[in-house]
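Enquirer: The structure that follows is given in the form of structure tokens.
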Amino acid sequence: MGIHPKAILAAAAALLATLQPCSADEREWAAWLGDLAAAEEWTTTQGEQAYDLLRSLEESPVDINTASREELEQLPFLTEAQVGDIQEHIYRHGPMETLAELQLIESLDYTRRRLLQCFARAGGAATQHTPTLAEELRRGHGELTGAVRLPLYERRGDRNGYLGYKYKHWLRATFTAGDRLRMGIAASQDAGEPFFAGRNKMGYDFYSFFVEARRIGPVERLVVGRYTVSFGMGLVANNGFSLGKSSALASLGRPPTGIRATASRSAASYLQGAAATVRLSPALRLSAFVSYRPHDATLSKDDGTVATIVTSGYHRTPTEMGKKNNTHSLTAGLNAAFRAAGLHAGLTAAYTRYDRDLRPNTATLYRRHYASGNDFANIGVDYGYTGHAFSLRGETALNRQGRVATINSLSISLPAGVALALLHRFYSYRYTAQLAGSFSEGGRVQNENGLYIGIDWHPSPRLRLAAYADYARFAWPRYRISQPSWAADNMVEATCTADKWTLAARYRLRLRQRDNEQKTALDRIADHKLRLAMTLHPGGEWTARTQADFALADHGTADRGLMVSQAAGARLGRLRLDGFMGYYITDSYDSRLYTYERGLLYTFAPTAYHGHGLRYSLMARADIGRLTLTIKAGATTKLDRSATGSGYQQADSPTLADIDLQARWSF
């Protein structure tokens, strides 16, 4: 009697299973995201947007046995070839009984298997019974989370200048009913903002909410409240985020597409209203959205037009409070997407109208072609084909004035674990789009012509080598650059993974141009960054990471930077402890260094260090039934000065220490 192939696979998976289920509390993916944020030198807003997306994906993990290709492509660390390999494995061998079977897919390395543990689930074939919404509501679960930061110091603005007290705090509540319904609300208060006072008579300074329904007949997704949208390659609509160049070998600059509800505490980028995606046929989907939202803006004193849209979200002083919600925008758009037999194509259109004219200071040369006026329209066509060993994709878009932006990419999977990526983009310096966000060197979908080439090689299951080179030209002057210029970005990294440890090394060289002091010519500046890291993951109750970062900034003078850090974590029954300590010394801000430090749930902020100092923290989390309590004490000590910060943010002490408290109740 023969043995069924599925039984062989199950036995092999059991023998190979070394992965532990990913705990949402541990957030193993956050360390991966933190490493990426440090490599890309993200702002706090970029980090929060990325964290919010991945956290929402974690809260609603996909069923790997029934997930569509589009659902798997929402996971930004997977290549299109890996998505195809996962689906082919399930087609050939049947549903996965456990995610340990991922080890049988050769194209998935250790890191991606580990990340998939956080965002996917398995459990055999789908049942014949589809639960009703009422049944899912009865089995639904929710969370109520609150946090407060207690600074053990006082800034100048706390004494005289800020409208509120020095404590930062927030609340967040979510409820999920299976795959059909999700609701959330968040309220946030930054330090220095008035609470139940002044213009904040309703309590918190910032509120965010959403209700999201999915898989209701032909309606795949319906969102009321706050949300983000992303279609095609992001040339018309992507107000979420893209992971950047370090992960472009996986996603090729492809942002996770579709409509996504958000209860993020970031005021920088969201839409507010309603959005829906409807399945018209197995191959055709139609999405539409409408939004009316406020913006903070700096207004011109002469005519009340908008000089600058402000995205910080701070309302601590009378000046900042005067900018709060003084401008509004109405946005509407649609997307039609077709996918069949490896082909995919789409059409995206978006329109935005402000209740005030945007009038940036175009006397400054680099702002000459910034968006101006009060209504904007864009239309774009995206296209592509995905085969077994290669993928083509791209998008071309126009604004109302007929200015063009286009991005096109090719990825190829070769034998011996080699993957190649090629991406070209051309963004006219006259192209503007209010919702655009895509692959770029300059940070904007405007004024750029660039070529990216990358290679990802797995010579063995335990070794990964990767490198990329990106070159871009800018036809119009940019900030601190008064004439056409260029930039180059190069990176090489190696990762070796064993059963109980991982070694990683990454070197990055960025070359750019900048005006000389006389503004008569352009000087070349170079930034070198090197990171060496060793992570211990013995599979028990503790982990540790030792890291060294080096920087050399050649901006006319050679400014150097060094940071060594140690992180460790251990679980003792229901208690988990995490510690971090880092020492840094840099010659200037130009040689600053970024690193990641584990924080509270729903909190993610990449941190830049410069000067001379120490950073240390200790975090403890206790799980008591449905209640989780977390306390984190952290401090940064400047060894080269007696005060920190400037203006209202100045504290007359070399040490800034904070205590963070968080409580989460699951029900």
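The values are calculated or read from the model by the stated rules, or taken from the named source; none is laboratory data. Just so it is clear, the model here is predicted, and its values are computed rather than measured. Every residue, glycine among them, receives a Cβ derived from its backbone with ideal geometry; neighbour counts consider all protein chains shown. Surface accessibility is based on the protein's heavy atoms, side chains included, excluding ligands, DNA and RNA. Shrake-Rupley method; radii C 1.70, N 1.55, O 1.52, S 1.80 Å.
Enquirer: Is it true that Leu530 is within 25 Å of Gly613 (Cβ to Cβ), modelled with pLDDT of 95 or more and either under 23 Å from the mean Cα position of the chain (by Cα) or surrounded by fewer than 17 Cβ atoms within 10 Å (Cβ to Cβ) (or both)? Explain how you work it out, then say what you get.
Expert: Numbers: within 25 Å of Gly613 (Cβ to Cβ): yes; modelled with pLDDT of 95 or more: yes; either under 23 Å from the mean Cα position of the chain (by Cα) or surrounded by fewer than 17 Cβ atoms within 10 Å (Cβ to Cβ) (or both): yes.
Criteria met by Leu530.
Enquirer: Restricting to the range 261-272, name every residue that is in a strand (DSSP E or B) and open to solvent by 30 Å² or more (accessible area, probe 1.4 Å).
Expert: Gln272
Condition check ((1) among the charged types (D, E, K, R); (2) at negative phi; (3) in contact with a helix residue (DSSP H, G or I) (Cβ under 8 Å, 6 or more places away or on another chain); (4) in contact (Cβ under 8 Å) with a residue 24 or more places away in the chain) across all residues:
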position: Leu53; (1), (2), (3), (4): no, yes, no, yes
position: Glu59; (1), (2), (3), (4): yes, yes, no, yes
position: Thr66; (1), (2), (3), (4): no, yes, no, yes
position: Gln74; (1), (2), (3), (4): no, yes, yes, yes
position: Thr79; (1), (2), (3), (4): no, yes, yes, yes
position: Gln82; (1), (2), (3), (4): no, yes, yes, yes
position: Ile86; (1), (2), (3), (4): no, yes, yes, no
position: Tyr91; (1), (2), (3), (4): no, yes, no, no
position: Pro95; (1), (2), (3), (4): no, yes, no, yes
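Enquirer: List the helices (runs of 4 or more DSSP H) that sit entirely inside the range 1-116 and contain at least 1 residues that are open to solvent by 40 Å² or more (accessible area, probe 1.4 Å) and modelled with pLDDT of 80 or more.
Expert: Answer list for the range 1-116: 69-72, 80-93.
Enquirer: Related question: Checking the condition over 27 Å from His555 (Cβ atoms), assigned to a strand (DSSP E or B) and either modelled with pLDDT of 95 or more or open to solvent by 70 Å² or more (accessible area, probe 1.4 Å) (or both), which residue from Ala488, Ala494, Ala472 passes?
Expert: Numbers: Ala488 fails: over 27 Å from His555 (Cβ atoms); Ala472 fails: over 27 Å from His555 (Cβ atoms).
Of Ala488, Ala494, Ala472, the one residue that is over 27 Å from His555 (Cβ atoms), assigned to a strand (DSSP E or B) and either modelled with pLDDT of 95 or more or open to solvent by 70 Å² or more (accessible area, probe 1.4 Å) (or both) is Ala494.
Enquirer: Before we move on, is Arg393 touching a Gly at 6+ places or on another chain (Cβ under 6 Å), of a type in the set (Lys, Arg) and in contact (Cβ under 8 Å) with a residue 40 or more places away in the chain? Walk me through how you get there before you give the answer.
Expert: Numbers: touching a Gly at 6+ places or on another chain (Cβ under 6 Å): yes; of a type in the set (Lys, Arg): yes; in contact (Cβ under 8 Å) with a residue 40 or more places away in the chain: yes.
Considered against the rule, which asks whether it is touching a Gly at 6+ places or on another chain (Cβ under 6 Å), of a type in the set (Lys, Arg) and in contact (Cβ under 8 Å) with a residue 40 or more places away in the chain, Arg393 comes out as yes.
Enquirer: Counting just the residues of the range 182-204 that are over 18 Å from Leu601 (Cβ atoms) and in a strand (DSSP E or B), which one comes out least open to solvent (accessible area, probe 1.4 Å)?
Expert: It comes out as Asn200.
Enquirer: Which residue pairs have Cβ atoms under 6 Å apart, sit 6 or more places apart or on different chains, and have a first residue in the range 617-629 that is open to solvent by less than 70 Å² (accessible area, probe 1.4 Å) and a second that is of a type outside the set (A, V, I, L, M) and in a strand (DSSP E or B)?
Expert: Hits for this filter: Ser617/Phe580; Ser617/Gly634; Met619/Asp578; Met619/Lys632; Arg621/Arg576; Arg621/Thr630; Leu627/Trp665; Thr628/Arg664.
Enquirer: So if I check each of Tyr153, Tyr207, which one is assigned to a loop (DSSP other than H, G, I, E, B) and either at negative phi or not aliphatic (A, V, I, L, M) (or both)?
Expert: Going through Tyr153, Tyr207 in turn, just one is assigned to a loop (DSSP other than H, G, I, E, B) and either at negative phi or not aliphatic (A, V, I, L, M) (or both): Tyr153.
Enquirer: What's the number of the condition Asp179 fails, among (1) open to solvent by 20 Å² or more (accessible area, probe 1.4 Å); (2) free of Cβ contacts under 8 Å to residues at least 40 places away in the same chain; (3) within 28 Å of Ile259 (Cα to Cα)?
Expert: Single failed check for Asp179: (2).
Enquirer: Residues in the range 323-343: is at least one more than 30 Å from Arg69 (Cα to Cα), in contact with a Ser or Thr (Cβ under 7 Å, 6 or more places away or on another chain) and either among the charged types (D, E, K, R) or buried (at least 18 other Cβ atoms within 10 Å of the Cβ) (or both)?
Expert: yes
Enquirer: Okay, next question. Starting from the range 142-162, take each residue that is among the hydroxyl-bearing types (Ser, Thr, Tyr) and list its partners that are buried (at least 20 other Cβ atoms within 10 Å of the Cβ) and assigned to a loop (DSSP other than H, G, I, E, B), counting only C-beta distances under 7 angstrom and pairs at least six apart or across chains.
Expert: Once the first residue is among the hydroxyl-bearing types (Ser, Thr, Tyr) and sits in the range 142-162, its partners that are buried (at least 20 other Cβ atoms within 10 Å of the Cβ) and assigned to a loop (DSSP other than H, G, I, E, B) give Thr145/Tyr602; Tyr162/Gly192; Tyr162/Arg316.
Enquirer: Cβ-Cβ distance below 6 Å, separation of 6 or more or different chains: which pairs start in the range 107-123 with a residue that is touching a residue at least 12 places away in the same chain (Cβ under 8 Å) and among the aromatic types (Phe, Trp, Tyr) and end on one that is outside any helix (DSSP H, G or I) and open to solvent by less than 30 Å² (accessible area, probe 1.4 Å)?
Expert: Filtered contacts from the range 107-123: Tyr110/Thr497; Phe119/Leu75.
Enquirer: Here is a further query. Of everything in the range 205-219, what is open to solvent by less than 50 Å² (accessible area, probe 1.4 Å) and under 14 Å from Ile259 (Cβ atoms)? Give them in sequence order.
Expert: Phe210, Glu212, Ala213, Arg214, Val219
Enquirer: Would you say Asp587 is charged (D, E, K, R) and over 27 Å from Trp501 (Cα atoms)?
Expert: Yes; evaluated as a whole, the condition is true for this residue.
Enquirer: Could you list, in sequence order, all residues of the range 396-418 that are of a type in the set (Gly, Ala, Ser) and either surrounded by fewer than 23 Cβ atoms within 10 Å (Cβ to Cβ) or without any contact (Cβ under 8 Å) to a residue 12 or more places away in the chain (or both)?
Expert: Gly402, Ser413, Ala416, Gly417
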